[in-house]
Amino acid sequence: MPPAPVSDRLPVFPWDRLEPYKTAAAAHADGIVDLSVGTPVDPVPELIQRALAQASDSPGYPTVWGTAALRDAITGWCERRLGARGLEHTNVLPVVGSKELVAWLPTQLGLGPGDRVAYPRLAYPTYEVGARLAGADPVVYDSPTELDPDGLRLLWLNSPSNPTGRVLGQDELARTVAWAREHGVLLASDECYLELGWEADPVSVLHPDVCGGSYEGVLALHSLSKRSNLAGYRAAFMVGDAAVLGELLQIRKHGGMMTPAPVQAATIAALGDDTHVTEQRERYAARRTALRGALAAQGFRIEHSEASLYLWATRDEPCWDTVGDLSKRGILVAPGDFYGVAGERFVRVALTATDERIDAAVRRLSA
Ligand SMILES: Cc1ncc(COP(=O)(O)O)c(C=O)c1O
């Protein structure tokens, strides 16, 4: 008998369920306002485009570990922006966008049946996918330090959170790092929204006040998709425990998981510039204020959302009712149950639409 398809282990791809609502929203006379998938819509900053173009004559294979210049750019940025100290190149690993890393980390760590992988009760679905691809057991938590450590091999944190926008405080992070070390659990902190704090200043696990100046048992995952509008480039990296990253480097070399050379060059340019990040933040801040006001005026309550690219909103009704109602107004949002059953009375509203589309959404909500 042929083996069962691997896809049988995975949840149903949720976005397919949204298609009828997308069709309904697209029927609006003035077109759809799509606030469902958080995909960047603003231009790739000129200096990044230039760096990519200048590196376009790259006939040879890139390396998985990236150029020394890329590793310098990553350690430099982590020290300047995150307050990390004493990082070496061995603490760095480029990845091909952070989603592939989330999906394949348990497998590349050699986890399998009997091992447990934990992530927040409301979370980006790929943490569960990663556990299932490896054949490990996915476990959700409300508070990570209350988990049963037995068999727990990998603990995901995500601050700021997708979908809730919640930010974990420095003390909470430090306590969790200490707990994970005490129990020999590898802690992976997905920090891809770290530069998008609005009413909170997100802290990295790499900060000495959190990790105690040692990277043992700790990994931070960063992505340029959101901060630099580079989702189309697939640019991300991990920083932390040199022993774990050294092992992953070996596996990923065998697997050919290389960031293309022009993307490596573009990443160096992006990490060296803060101006475009500030400009992009201002765009999102204005959109957030406009949408938040319009949703509140319509009776929505916004929870958390102090950071990230989303508003986590509820009208205290089933999420699919909210999705259906908004789709009739030409607005598409993501149902909260995509992120776990605990989200079944919330919707996630992304800030990733042009100013013109956000204005249209505000007008429609206020009509
Ligand atoms: C929490 C979280 N992690 C990782 C990713 C993946 O981002 P990328 O693969 O573009 O780096 C996303 C994308 O939305 C996300 O929300």
Task: Selection count where residues are surrounded by fewer than 22 Cβ atoms within 10 Å (Cβ to Cβ) and not hydrophobic (A, V, I, L, M, F, W, C), scope segment 323-345 - done: 9
- [ ] Working carefully through the options Leu122, Leu105, find the one that is under 19 Å from the mean Cα position of the chain (by Cα), in a loop (DSSP other than H, G, I, E, B) and within 14 Å of the ligand (Cβ to nearest atom).
- [x] Leu122
TODO: Looking only at segment 349-367, count how many residues are surrounded by 18 or more Cβ atoms within 10 Å (Cβ to Cβ) and over 17 Å from Ala297 (Cα atoms).
DONE: 5
Task: Qualifying strands (runs of 3 or more DSSP E) (wholly inside segment 305-367; at least 3 residues being closer than 26 Å to Arg227 by Cα and in contact with a His (Cβ under 7 Å, 6 or more places away or on another chain)) - done: none
- [ ] Give the number of residues within segment 73-86 that are away from the ligand (no atom under 16 Å from the Cβ), touching a residue at least 12 places away in the same chain (Cβ under 8 Å) and outside any loop (DSSP other than H, G, I, E, B).
- [x] 6
TODO: Please give the number of the condition Gly97 fails out of (1) over 17 Å from the mean Cα position of the chain (by Cα); (2) on the phi > 0 side of the Ramachandran plot.
DONE: (1)
Open item on the list: Please count how many residues of segment 125-159 are surrounded by fewer than 21 Cβ atoms within 10 Å (Cβ to Cβ), more than 16 Å from the ligand (Cβ to nearest atom) and within 21 Å of Pro14 (Cα to Cα).
Closed with: 4
Task: Counted residues, segment 11-36 - those being in a loop (DSSP other than H, G, I, E, B) and exposed (fewer than 14 other Cβ atoms within 10 Å of the Cβ) - done: 7
Open item on the list: Condition check: more than 18 Å from Leu87 (Cα to Cα) and within 14 Å of the ligand (Cβ to nearest atom). Does Ala200 satisfy that?
Closed with: no
Open item on the list: Considering only residues that are surrounded by 20 or more Cβ atoms within 10 Å (Cβ to Cβ) and among the aromatic types (Phe, Trp, Tyr), which ones fall in segment 190-206?
Closed with: Tyr193
TODO: Answer yes or no as to whether Thr75 is out of contact with any strand residue (DSSP E or B) (no Cβ under 9 Å at 6 or more places or on another chain), among the polar types (S, T, N, Q) and modelled with pLDDT of 95 or more.
DONE: no
Open item on the list: So, in segment 87-100, how many residues would count as being within 9 Å of the ligand (Cβ to nearest atom) and either in contact with an Asp or Glu (Cβ under 9 Å, 6 or more places away or on another chain) or not aliphatic (A, V, I, L, M) (or both)?
Closed with: 4
- [ ] Within segment 37-72, count every residue that is surrounded by 13 or more Cβ atoms within 10 Å (Cβ to Cβ), in a loop (DSSP other than H, G, I, E, B), among the small types (Gly, Ala, Ser) and out of contact with any strand residue (DSSP E or B) (no Cβ under 9 Å at 6 or more places or on another chain).
- [x] 2
- [ ] Starting from segment 104-122, keep only residues that are under 24 Å from Gln250 (Cβ atoms), then list their pairs with residues that are hydroxyl-bearing (Ser, Thr, Tyr) and surrounded by 22 or more Cβ atoms within 10 Å (Cβ to Cβ) whose Cβ atoms are within a distance under 9 Å, requiring at least 6 positions of separation or different chains.
- [x] Val117/Tyr127
Open item on the list: Exactly one of these conditions fails for Glu172: (1) among the acidic types (Asp, Glu); (2) over 23 Å from Ser36 (Cβ atoms); (3) under 13 Å from the mean Cα position of the chain (by Cα). Give me its number.
Closed with: (3)
Task: Among residues of segment 205-249, those that are part of a loop (DSSP other than H, G, I, E, B) and within 16 Å of the ligand (Cβ to nearest atom), counted - done: 13
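The values are calculated or read from the model by the stated rules, or taken from the named source; none is laboratory data. Given the structure is predicted, the values throughout are model-derived calculations rather than measurements. Every residue, glycine among them, receives a Cβ derived from its backbone with ideal geometry; neighbour counts consider all protein chains shown.
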